[in-house]
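Since every read-out is calculated from the coordinates, none of them should be taken as a lab result. The model shown is predicted, which means the values in this text are computed figures rather than measured ones. We place every Cβ from the backbone using ideal geometry, glycine too, and count neighbours over all the protein chains shown.
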Amino acid sequence: MNTTWKLKALLVGVAGPLIPATALAVDIDVQGFVRQETAVSFTGTENPYNQHGNLFNGYTVARDSTLIAGAADTVVRDVSNGDNELNLFTVRTELDVTANFTSNLTGYAQIRAVYDPGFYDDFEDPNFFNVPFHGDRANRLEVADSNYMIDLQALYLDFNEGPLWIRLGNQQIAWGESLFFRVLDVPNGLDLRRHLILDWAAEEYADERVPSPGIRGSYRFGQDTELELFGQLFNPSILPNPNTPYNLIPTQFTVHQEEGFDDAEDDINFGGRLQTKIGELALQAIAVHRTNPDGVFRWTDSGAGPLAGTPFEISTTGVRSAQEWFTYASMVRLDGVGGLNAAVRDFQPVTGGLGAFEAGNFALASAELDFFFQAFGGLRGHIERVYPEENIFGLGANYLIFDEPGSWLDQLVVRAEATVTPDKKFTSPSLSRQFVERDEVAASFVLEKYQRFSEDFPATFLVFQYLYKSDSDLFGRLLDGNGASPTSTPDGDDGFHAFVLAAQQPFPNLIWRADLSVLADVNGGALIQPGVRWKPNDQFAVELYGNFTLTDGGNDDIIDTIDFVDEIAARITFQF
């Protein structure tokens, strides 16, 4: 239900007594919702990247107290495995305000507030929303604390005059139409603080895409050709914070984000898209220069205590054994031996003065790591996140097939998207200060169709996708890091390949709807998301869905990374 007010904004003329006051009618439409969002693990598996879920909790590490005065003989990380069954519990409200000033000028604002009371078995008091970008905020138009965030997801003016359209203000720019995967959708990063990439798949990152102030406009040439241009302030993708439910960076490492963001804060992303149509064939081409919102990572100086000048800090909450080092390196697609060698090589002469050396093989690296871990009782690694600039060029095509009514080919949409990013910079699997550069290709092939299986039911919406990236996976990690284990270094992969199957079935009264989305990595993992929505009226809706993960292990498929997630999620919404 929408609420509409007619406001009379008096624009009083003061040029003289002969010029009367005038009035302008402004239509303002306000609507919104309040929603409870919950996700409960049905396995009780802890997030292994957090302190409570650390796979090596409870292990005792001997310590050579002769190297550090006053050191204890043994060190045990002072946390035990938690017992979290709750993955998500937030209360959210959104308010959408549309103002029609004239037939050519409209305004739109979307205000979002999210509160997380922190009903989890956590290590210490995790910070859910503060991020050190704009002070302690993730976005320019955001107010945040550890348990809540309030932001303006949109605040812009739209101007239309014939073939010209201009949007000015804080906005998302949504290009591309692939589920789980972004090919042409390159202008904005993603906010992963709330529910990672595990929201309802059919919403295509609508809640995750990071808005930023900018200007966007298009001009239509005739009926079938349109040129769109944009310029927008850079804002990074936002990662879950340490010890929050969906964190994916091991908390044995400290991530420095401030300096890299300070260097890129004033960068402007810009680019354009040309679209045209020839019969049933729609074509588009994009060219974008951007600062990569996902960033890349490398070792950095810890600046901490006796090990200042190296990327390490003495801490019992860090890594405590070579086995832990190699286990977590393989889990996050890094090279454990290469990581040790890069830390030694990139931070000379300090590392050399401590007796550290580049190891020629796995056995030597293990022995060296265990020596230092036992000497110090645990070492916390320090890495920094920086944001290189890049150019992206892409093509897309849509074709609508017509055939015999009711047949599988009739009104089948065939869509293809592809981009190339020359000299794209990736995080090295060794976390070296020297990034890896590759020309990366990303592509998707999509089939979409409404197919009616019964006269008693509305048509079923069906989607099939093939997804490909030449050098990185869905999370942007270089494929060179795939295939490692706690006892071996990675052997890498030549390309990332995945398939998506999705279906959406409304019921006859449109009160019920069933959904299914499946993302399958050909290396042996799958995310299966069944769901059902009950919407008895315009004001109330209940949505229930699951995120089920399957993997064959081996640290070479994307699902292996989120295998702890298995959950049942619910959203209860009241609209006004």
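How high is the relative contact order of the chain, in percent, with contacts defined as C-alpha pairs under 8 Å that are six or more residues apart?
Numbers: 1535 pairs, mean separation 71.6, N = 576.
It rounds to 12 percent for the chain.
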Practice task
Once every Cα of region 274-387 carries one equal point scatterer and solvent is ignored, give the base-10 log of I(q)/I(0) from the Debye formula at q = 0.11, 0.14, 0.22 Å⁻¹, two decimals.
Solution key: -0.44, -0.60, -1.29
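With the Cα gyration tensor of region 84-189 giving a ≥ b ≥ c as the square roots of its eigenvalues, does the rule (a/c under 1.5 for rounded; else a/b larger than b/c for prolate; else oblate) give rounded, prolate or oblate? Spell out each step's value before the answer.
Numbers: a/c = 2.53, a/b = 1.91, b/c = 1.32.
Verdict is prolate for region 84-189.
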Exercise for the section: Using the charge dipole of the chain (Lys, Arg: +1 at Cβ; Asp, Glu: -1 at Cβ; taken about the Cα centre), state which of Gly32, Tyr328, Thr310 has its Cα farthest towards the positive end. Expected result: Gly32
Fill in the blank from the handout: With 0.36 nm assigned to each residue of separation and the Cα-Cα distance removed, Glu389 to Glu437 gains 16.1 nm
Problem - Stokes-Einstein D for region 406-533, Kirkwood Rh over Cα pairs, 20 °C, 1.002 mPa s (µm²/s) - result: 123
Problem - For Ala304, net neighbour charge (Lys/Arg +1, Asp/Glu -1) across residues whose Cβ lies under 11 Å away - result: -1
Exercise for the section: Can you work out the PRE-style zone for Arg220? Point 7 Å along Cα to Cβ, and I want the residues of region 157-199 with backbone N under 19 Å. Expected result: 158-168
Practice task
Whole Å is fine, so just give me how far the alpha carbon centre of region 166-210 lies from that of region 453-513.
Solution key: 16
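Report D for region 459-557 in µm² per second (integer): Stokes-Einstein, Kirkwood Rh on Cα pairs, 4 °C, 1.567 mPa s. Write out the running numbers ahead of the final one.
Working: Rh = 15.7 Å.
Diffusion coefficient, whole number: 83 µm²/s.
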Practice task
Could you tell me the distance between the Cα centroids of region 346-392 and region 24-56, to the nearest Å?
Solution key: 36
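Taking N as the number of residues in the chain, what is its alpha-carbon radius of gyration divided by 2.2 N^0.38 Å? Present the calculation step by step, with values, prior to reporting the outcome.
Details: Rg = 26.3 Å, N = 576, 2.2 N^0.38 = 24.6 Å.
Against the empirical 2.2 N^0.38 Å value, I get 1.07 for the chain.
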Problem - Long-range amide H partners of Gln348 with built H, under 5 Å - result: none
Problem - Along principal axes, Cα extents of region 223-334, largest first, whole Å - result: 67, 30, 22
Fill in the blank from the handout: Note: His497 to Ile150 extended length (0.36 nm per residue) minus current alpha-carbon separation gives 121.2 nm
Exercise for the section: Express in nm, to one decimal, how much length is gained between Phe540 and Asp423 on full extension, taking 0.36 nm for each residue of separation and deducting their alpha carbon distance. Expected result: 37.2 nm
Completion exercise
Under 13 Å by backbone N from the virtual spin label 7 Å along Cα-to-Cβ at Thr460, the residues of region 504-523 are 504-507, 514-517
Exercise for the section: Report the normalised scattering of region 334-422 as log10 I(q)/I(0) at q = 0.18, 0.23 Å⁻¹, calculated by the Debye formula with identical scatterers on the alpha carbons. Expected result: -0.89, -1.14
Completion exercise
Simple spin-label estimate for Ser103/Phe119, 7 Å along Cα→Cβ, in nm, reads 5.3
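Can you show me the helix-derived [θ] at 222 nm for the chain, built from DSSP H runs with n ≥ 4 at -39,500 (n - 2.57) apiece and divided by the number of residues, rounded to the nearest 500.
On the way: 6 runs with 51 residues, N = 576.
So the helix-based figure for the chain works out to -2500 deg cm²/dmol.
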Exercise for the section: Run the dipole for the chain about the Cα centre, Lys and Arg Cβ at +1, Asp and Glu Cβ at -1, nothing else charged, and hand back the magnitude in debye, nearest 20. Expected result: 1200
Handout entry: Local electrostatic count at Asp116 - Lys and Arg +1, Asp and Glu -1, tallied over other residues with Cβ under 10 Å
Key = +2
Completion exercise
Residues other than Ser432 with Cβ under 14 Å of its Cβ, Lys/Arg counted +1 and Asp/Glu -1, net out at -2
